[in-house]
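The values are calculated or read from the model by the stated rules, or taken from the named source; none is laboratory data. Predicted, not measured: the structure shown is a model, and the values here were computed from it. Neighbour counts run over all protein chains shown; Cβ positions are idealised from the backbone, glycine included.
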Amino acid sequence: MRLIEKKDNQIAFTAEVEESLANAIRRSVNEIPVLAIDEVEIHKNDSALYDELIAHRIGLIPLTTDKIFIKFNECTCKGKGCAKCTAELKLKVKGPCTVYAKGLKGKVKPVFEDIPITILEKSQELELICFARVGKGIKHPKFSPGILYYRNVPKIEFSKECEGENMQKYINVCPKKIILADGGKPVVKEAYKCDICESCVELGKTDKGEENVKLSLTNEMVFFVESFGQLEPKKIIIEAIKALEKNLKDLIKKLK
């Protein structure tokens, strides 16, 4: 495994794994417990948006999850909603103003405070109570902590026809700029960046149907993990693997 990129909400790494396992890990991201607003009691809404739209927008606001996540693992209700795995947030605003996620006050807070909810004109009010509960993405997308996707790292081979005077054409045609010159020959650096657009393959085809550039897929995978803010990207990977292990153990028990 090799880390190739790391940001606050995103990581990318390569690893040699079978595609079936990679896909199982990807699907297990939606098995990670995450906190999200599950119920909204609207006491007053003078805005231009219907109550249902207000509730829908609020439900998709990512919330800080770590503390609740730990409690959920110890909670016997397993997501049904009790004091251990439920958090209450309140919002009371009077216009004129734009209502933002930071207006939600409670034990937990929105990950991104500047998400707009609605606009209030003069003398308009919005008052509500939200109940955030722990759930999983398999139940509803609002409980998803992020996305994980992957692709095979390709191998690109050039024939002798691509060398010398023709080399620069292949360097220029690559949109990712990963084809470089090395001793008069085109070579691929950082192949994991290749998105298999096949621009170089098409350029290498002759009128006789010959192919001067061969593209094949290796056993190495490049993984991309993007977090919605509830959990760190690294933790998403770890918890997805844990969820997969748990499901496999449960399956073994049932088969026995």
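A few notes on this one:
- Filter result for E245 (on the phi > 0 side of the Ramachandran plot and either among the acidic types (D, E) or not assigned by TED's automatic domain parsing to the domain that holds P154 (or both)): no
- The stretch 174-214, residues that are under 30 Å from K7 (Cα atoms), touching an Asp or Glu at 6+ places or on another chain (Cβ under 8 Å) and among the aliphatic types (A, V, I, L, M): I178
- The sole residue among P141, P116, P175, P145 that is under 30 Å from K208 (Cβ atoms) and modelled with pLDDT of 90 or more is P175.
- A single entry from I129, I156, I171, I178 fulfils the requirement of being of a type in the set (A, V, I, L, M, F, W, C), over 25 Å from the mean Cα position of the chain (by Cα) and not assigned by TED's automatic domain parsing to the domain that holds K6: I129.
- Restricting V134, V108, V93 to those that are assigned to a loop (DSSP other than H, G, I, E, B) and buried (at least 17 other Cβ atoms within 10 Å of the Cβ) reduces the list to V108.
- Options I42, I58; residue that is buried (at least 19 other Cβ atoms within 10 Å of the Cβ), over 19 Å from N247 (Cβ atoms) and modelled with pLDDT of 95 or more: I58
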